[in-house]
Amino acid sequence: MNKQSTWQKIKGWSLFLPVMSLLLVMAVNIIHDIYIGANPLSFFMITLRQTTGNGTILYGRIIDILNRGSEVAILSIGMTLVVSSSAGTDISVGSVMSLCASFCCMLLAGYGVSSTTTLARPLLVGILGGIAIGVLCGMFNGTLVAYFGIQPMVATLILYSAARAIGLLLCNDLIVYIRNDSFGFFGGFLGLIPTPVVIAAICILVVALLLKKTALGMYIQSVGINAKASRIAGLNSKRIIFLTYMLCGLFAGIAGIVASSRITSADSNNIGLYFEMDAILAVALGGNSLGGGKFNLAGSIIGAYTIQAITTTLYALGVSSTQAPVFKAIIVILIVAIQAPPLKAYFKKRSAAKQVKGAAS
Amino acid sequence: MKKVLGAIMLTAMAVAIPAAAAHAEDLISVGFAQVGHESDWRTASTKSCQDVFSEENGYDLSFVDCDNDEAAQKEAVRSFIEQDVDYIIIDPIIATGWDTVLTECDEAGIPVIVIDRTIDDSDKYAAWVGSNFKTEGLAAGEWLKAYADKMGIEELNVLTISGSTGSSAQIGRSDGFNEVAEKYGWNLIDEQTGDFTEAGGQEVMENYCKSYEGQFNVVVCQNDNEAFGAMTAMDNAGVTYGPGNDVILISYDACTAGLEDVKAGKITADFECNPLAAPFVEEVINKLAAGEEVEKEVYMVEHWYALEDQIVEFEVDGAAQEMTVVTDEVIEAQY
């Protein structure tokens with residue numbers, strides 16, 4: 001009896017389905033490894049590896065998922081807040097990432113320089129400059145949505161198309177290479193751990209604390225549920241919506257710096273390409289409604305790593321990259337479908353019926 | 001809002017029209033619709049055009065970076081027609097859907113020169129100038145055979161990081177290399193796309209290192225940017241590459257940064273894809289202006305690069321190939 005109630009408790013947990021989805025995706029690898037006769041847990045093995053130039057690092061697929069999923073995880077924080085407060089999505093984050101990376105690299109290399117090994121300005125100036133541009137983009141989006149009342153998708157469409165192009169202008173239509181180890185740090189390693197993982201963890205922690213220790217989370221949700229009622233209750237709805245877009249821009253900036261640092265260059269055509277879609281998907285996979293209101297930040301983060309887990313799993317299974325998007329789509333449909341309200345209601349009804357039946361006998 | 005937007009558009013047009021009309025009479029006006037600037041190669045191609053078709057050389061170049069947007073590219077070509085330029089250069093983002101636009105150019109009496117990528121569904125252009133990607137693939141394959149024989153490597157297990165799926169460079173290089181691989185019975189383990197980007201090459205190689213640990217001794221990257229990414233991933237997996245190490249690293253494009261890595265003993269051999277099409281295009285334009293016949297397909301001269309010890313003799317389609325030793329002067333002269 002006690003055991004069943006624990007199970008019920010787990011099933012009732014709001015993150016049950018997102019976590020289950022993530023675990024199921026990774027479980028596919030166990031089946032695959034048994035099938036090919038390898039160590040069933042080889043996908044999950046984390047070992048120490050001597051690298052050429054980076055000392056000893058943690059090495060394994062799980063580390064890859066955490067590492068490569070960092071950008072989308074960081075983006076999904078901002079996206080969750082935006083979705084919650086305004087019932088809309090910020091589709092400019094991928095382009096803003098590219099713009100921030102371009103601006104940062106332009107500052108560090110100097111305008112018009114396409115390849116350099118020495119920094120033209122202190123590293124911190126470049127990094128903060130890049131992030132500041134992200135915040136500025138967020139404020140622009142926030143102003144349009146909150147104060148001009150433009151629909152979020154339309155408002156963010158402007159930077160979606162313009163930001164990447166501005167980035168190109170800043171880089172003089174070149175890929176700017178900064179082959180300098182200090183810049184590579186943000187995409188490299190901090191001791192044993194990939195730096196992007198650490199950066200993502202810090203971002204998540206700070207926001208989680210902010211939501212927990214202040215009333216901000218509740219404010220955002222109440223604005224998302226009913227902006228008018230919240231205003232009457234004394235909240236400055238517009239300012240809160242503005243704030244969420246600004247935060248979203250901030251995180252796009254941080255993600256842009258990480259992506260750029262990974263390749264120690266500003267590849268404005270490709271950095272953050274389609275990342276806005278992954279970020280929105282992460283929010284949805286985390287069981288959050290895109291209709292705004294209540295949100296679960298942890299869900300979105302798990303969603304982000306689920307997307308990366310799918311990608312890494314497809315690589316591990318050796319699915320050709322031309323077919324991979326099809327499999328990705330199928331898995332995503334399954335995960336979203338099992339979280340759909342009608343199916344949830346059906347399972348609830350069935351388990352209730354089972355309980356009644358069990359009680360009767 | 002509408003009024004403001006309208007006003008902005010009017011201002012933009014007012015600025016644009018005099019700019020277009022300001023063509024000096026004696027300059028030859030050339031419109032160039034470039035793909036984008038996704039790699040060093042592309043940047044070099046752009047720069048080559050800007051250098052050759054400069055004002056000092058008697059040209060007035062309208063350059064449009066289409067940012068990999070095929071609709072924008074067709075629009076750019078139409079705007080060239082409206083500006084009534086003398087010649088149009090197109091590097092087509094995709095191979096199909098060109099007939100209508102090229103017919104419009106034809107009717108306007110503007111000769112079109114296609115460079116680099118090909119147009120499959122229309123022949124209403126004056127000439128195509130570009131690389132033979134299959135020859136590049138064949139050369140890489142035949143070099144590998146000769147090099148492996150020299151080094152006494154018997155078994156070749158190849159991993160490929162290919163370019164954007166369906167691009168003519170990817171198709172040509174894969175076809176050429178795989179043809180050679182089949183001929184000599186090499187083991188082609190896997191081929192995944194890195195989309196010609198460094199980030200793509202990094203992620204694919206990171207996964208290759210785990211999936212095929214200790215099972216491969218050749219990595220073929222279909223451009224230098226992918227090779228840069230693959231090197232980072234191999235560094236982090238503790239795999240050594242380059243001449244005399246575990247893995248033979250083959251790359252295409254041979255941009256300056258790529259050749260620097262050849263010189264540093266990281267890339268074993270680099271097969272050039274010449275981006276400097278502009279001089280060849282100028283030749284075509286000169287011929288057209290003189291009313292001479294031009295060849296429909298113009299192939300550019302290309303070089304294969306390696307360090308002294310990796311230079312071997314090989315043939316492609318019965319023609320002996322000459323390799324270039326990478327020195328500081330060679331790197332300096334490269335785009």
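The values are calculated or read from the model by the stated rules, or taken from the named source; none is laboratory data. Quantities reported herein were computed from a predicted structural model and do not represent experimental measurements. Virtual Cβ from ideal backbone geometry, glycine too; neighbours counted across all protein chains shown. Heads up: the accessible areas ignore ligands, DNA and RNA and are worked out on the full protein's heavy atoms, side chains in. Shrake-Rupley method; radii C 1.70, N 1.55, O 1.52, S 1.80 Å.
Residue count for the stretch A:212-237 under the criterion of being surrounded by 18 or more Cβ atoms within 10 Å (Cβ to Cβ) and not polar (S, T, N, Q): the result is 7. State yes or no: is A:Gly167 within 14 Å of chain B (Cβ to nearest Cβ) and either modelled with pLDDT of 95 or more or crowded, with 22+ Cβ neighbours inside 10 Å (or both)? Yes: the conditions hold for A:Gly167.
With respect to B:Thr240, determine if the residue is facing chain A (nearest Cβ under 10 Å), open to solvent by 10 Å² or more (accessible area, probe 1.4 Å), closer than 24 Å to A:Tyr315 by Cβ and modelled with pLDDT of 95 or more. Judged against the criteria, B:Thr240 is a match.
Taken over the stretch B:248-294, the residue count meeting the criterion of being over 23 Å from A:Arg179 (Cβ atoms), assigned to a helix (DSSP H, G or I) and of a type outside the set (Val, Ile, Thr) is 9. Would a scan of the stretch B:303-310 turn up a residue that is over 23 Å from the mean Cα position of the chain (by Cα) and surrounded by fewer than 19 Cβ atoms within 10 Å (Cβ to Cβ)? Checked against the condition, which is being over 23 Å from the mean Cα position of the chain (by Cα) and surrounded by fewer than 19 Cβ atoms within 10 Å (Cβ to Cβ), the stretch B:303-310 yields at least one hit. Could you grab the pairs with beta carbons closer than 6 Å, sequence gap of 6+ or different chains, first residue in the stretch B:133-157 and open to solvent by 60 Å² or more (accessible area, probe 1.4 Å), second one part of a loop (DSSP other than H, G, I, E, B)? As it stands, the answer is B:Lys150/B:Val312, since those pairs meet every condition given.
Scanning the stretch A:101-117 for residues that are open to solvent by 40 Å² or more (accessible area, probe 1.4 Å) and either out of contact with any strand residue (DSSP E or B) (no Cβ under 9 Å at 6 or more places or on another chain) or among the aromatic types (Phe, Trp, Tyr) (or both) gives A:Phe103, A:Tyr111.
Please work out if A:Ser161 is closer than 21 Å to B:Thr46 by Cβ, polar (S, T, N, Q) and within 14 Å of chain B (Cβ to nearest Cβ). Considered against the rule, which asks whether it is closer than 21 Å to B:Thr46 by Cβ, polar (S, T, N, Q) and within 14 Å of chain B (Cβ to nearest Cβ), A:Ser161 comes out as no. Only residues that are free of Cβ contacts under 8 Å to residues at least 60 places away in the same chain and within 20 Å of A:Phe186 (Cα to Cα) were counted in the stretch A:111-164, giving 8.
Does B:Glu104 qualify as being of a type in the set (D, E, K, R) and either in the same structural domain as B:Asp253 (by TED's automatic domain parsing) or within 24 Å of B:Asp26 (Cα to Cα) (or both)? Here the answer is no, as B:Glu104 does not meet what is asked. Take the residues of the stretch B:36-70 that are of a type in the set (Val, Ile, Thr) and in contact with a helix residue (DSSP H, G or I) (Cβ under 7 Å, 6 or more places away or on another chain): which is farthest from the other protein chains (Cβ to nearest Cβ)? Per the criteria, the residue is B:Val52. Can you name the number of the only condition in (1) buried (at least 18 other Cβ atoms within 10 Å of the Cβ); (2) without any contact (Cβ under 8 Å) to a residue 40 or more places away in the chain that B:Ala71 fails? So B:Ala71 meets the others, but not (1). Among residues that are under 26 Å from A:Ser182 (Cα atoms) and either free of Cβ contacts under 8 Å to residues at least 40 places away in the same chain or within 14 Å of chain B (Cβ to nearest Cβ) (or both), A:Ile57 is included. Within the set B:Glu315, B:Glu302, B:Glu297, B:Glu329, the sole residue that is without any contact (Cβ under 8 Å) to a residue 24 or more places away in the chain and among the acidic types (Asp, Glu) turns out to be B:Glu329. Of the residues A:Ser182, A:Ser268, A:Ser230, the single one that is assigned to a loop (DSSP other than H, G, I, E, B), of a type in the set (Gly, Ala, Ser) and at negative phi is A:Ser268. Selection within the stretch A:321-347: residues that are of a type outside the set (A, V, I, L, M) and surrounded by 13 or more Cβ atoms within 10 Å (Cβ to Cβ). The member of this set that is farthest from the other protein chains (Cβ to nearest Cβ) is A:Lys344. List the number of the failed condition for B:Val101; all other conditions in (1) without any contact (Cβ under 8 Å) to a residue 40 or more places away in the chain; (2) open to solvent by 30 Å² or more (accessible area, probe 1.4 Å) hold. B:Val101 satisfies all of (1) without any contact (Cβ under 8 Å) to a residue 40 or more places away in the chain; (2) open to solvent by 30 Å² or more (accessible area, probe 1.4 Å) except (2).
On the given criteria, is B:Glu292 surrounded by fewer than 18 Cβ atoms within 10 Å (Cβ to Cβ), free of Cβ contacts under 8 Å to residues at least 24 places away in the same chain and under 20 Å from B:Trp128 (Cβ atoms)? Yes, satisfied. Taking the stretch A:106-161 as the range and being among the hydrophobic types (A, V, I, L, M, F, W, C) and not in a helix (DSSP H, G or I) as the test, the residues that pass are A:Val113, A:Leu119, A:Ala120, A:Phe148, A:Ile150.
Considering only residues in the stretch B:158-199 that are closer than 20 Å to B:Thr240 by Cα and open to solvent by less than 20 Å² (accessible area, probe 1.4 Å), the one that is nearest to the other protein chains (Cβ to nearest Cβ) turns out to be B:Glu198.
Checked against (1) within 11 Å of another protein chain (Cβ to nearest Cβ); (2) in contact with a Gly (Cβ under 7 Å, 6 or more places away or on another chain), A:Asn296 passes all but condition (1). There is at least one residue in the stretch B:125-137 that is part of a helix (DSSP H, G or I) and in contact with a Phe, Trp or Tyr (Cβ under 7 Å, 6 or more places away or on another chain). Only one entry in A:Phe275, A:Phe242, A:Phe251 is aromatic (Phe, Trp, Tyr), touching a residue at least 24 places away in the same chain (Cβ under 8 Å) and in contact with a Cys (Cβ under 9 Å, 6 or more places away or on another chain), namely A:Phe251. When the stretch A:290-318 is limited to residues that are touching a Ser or Thr at 6+ places or on another chain (Cβ under 8 Å) and of a type in the set (S, T, N, Q), the one that is surrounded by the fewest Cβ atoms within 10 Å (Cβ to Cβ) turns out to be A:Asn296. The one condition from (1) hydrophobic (A, V, I, L, M, F, W, C); (2) surrounded by 18 or more Cβ atoms within 10 Å (Cβ to Cβ); (3) not in a helix (DSSP H, G or I) that B:Met234 does not meet is (3).
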